[in-house]
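S.K.: Let me begin by handing over the structure; questions about it come next.
The values are calculated or read from the model by the stated rules, or taken from the named source; none is laboratory data. As the structure is a prediction and not an experimental result, all values here were calculated from the model. Here the Cβ is made from the backbone with ideal geometry for all residues, glycine too, and neighbour counts use every protein chain on show. Keep in mind that these areas ignore ligands, DNA and RNA; they rest on the heavy atoms of the full protein, side chains included. Shrake-Rupley method; radii C 1.70, N 1.55, O 1.52, S 1.80 Å.
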Amino acid sequence: MSTEASTSPYRLDPHARFRVLDDEGIFVLQEAGEVLVVNEAGAFIVEQIRNGRSLDETATAMTERFDVGRERAHADATSLLEALIEAGAITRA
């Protein structure tokens, strides 16, 4: 069963830059003049999204990389992505 929210890819906001440094993800939000840092799991989620993977695919990849169940991975990825949208770091494609 697939929903619009779980199959729609996200993308980096055109005014945001993202790099991984020492397993953490760093966003530079140019328009806001802010820097955001995400932990290793957050950096993994953003990298999955940058590579064009859907939320469902990202959750599956998280279960393979981290010691987490599918439902928890999906909930955590959704929560992070929504927070990053609010911050202006990513947008829905």
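S.K.: In segment 75-91, is there at least one residue being among the acidic types (Asp, Glu) and in a loop (DSSP other than H, G, I, E, B)?
M.R.: Checked segment 75-91: no residue is among the acidic types (Asp, Glu) and in a loop (DSSP other than H, G, I, E, B).
S.K.: Same structure, new question: Would you check which residues across segment 55-66 are acidic (Asp, Glu) and open to solvent by 50 Å² or more (accessible area, probe 1.4 Å) and list them?
M.R.: Once the filter is applied, which keeps residues that are acidic (Asp, Glu) and open to solvent by 50 Å² or more (accessible area, probe 1.4 Å), segment 55-66 yields Glu57, Glu64.
S.K.: Identify all residues within segment 33-71 that are part of a helix (DSSP H, G or I), among the β-branched types (Val, Ile, Thr) and more than 25 Å from Gly88 (Cβ to Cβ); write none if there are none.
M.R.: Thr60, Thr63
S.K.: What are the pairs, 6+ residues apart or on separate chains, where a residue within segment 34-52 that is closer than 12 Å to Ala77 by Cα has its Cβ under 8 Å from a residue that is open to solvent by less than 30 Å² (accessible area, probe 1.4 Å) and hydroxyl-bearing (Ser, Thr, Tyr)?
M.R.: Every condition considered, the pairs that remain are Ile45/Thr58; Gln48/Thr58; Ile49/Tyr10; Ile49/Thr58.
S.K.: Let me ask another. Filter segment 67-80 for residues that are open to solvent by less than 50 Å² (accessible area, probe 1.4 Å) and closer than 20 Å to Phe18 by Cβ and give the result.
M.R.: Ala77, Thr78, Leu80
S.K.: Turning to a different aspect of this structure: Of everything in segment 1-54, what is surrounded by 19 or more Cβ atoms within 10 Å (Cβ to Cβ), aliphatic (A, V, I, L, M) and either out of contact with any Phe, Trp or Tyr (no Cβ under 8 Å at 6 or more places or on another chain) or at pLDDT 95 or above (or both)? Give them in sequence order.
M.R.: Hits for segment 1-54 are Ala16, Val38, Ala43, Ile45, Val46.
S.K.: Filter segment 12-29 down to residues that are under 10 Å from Gly88 (Cα atoms) and out of contact with any strand residue (DSSP E or B) (no Cβ under 6 Å at 6 or more places or on another chain), then give me how many there are.
M.R.: Adding up the residues that qualify gives 2.
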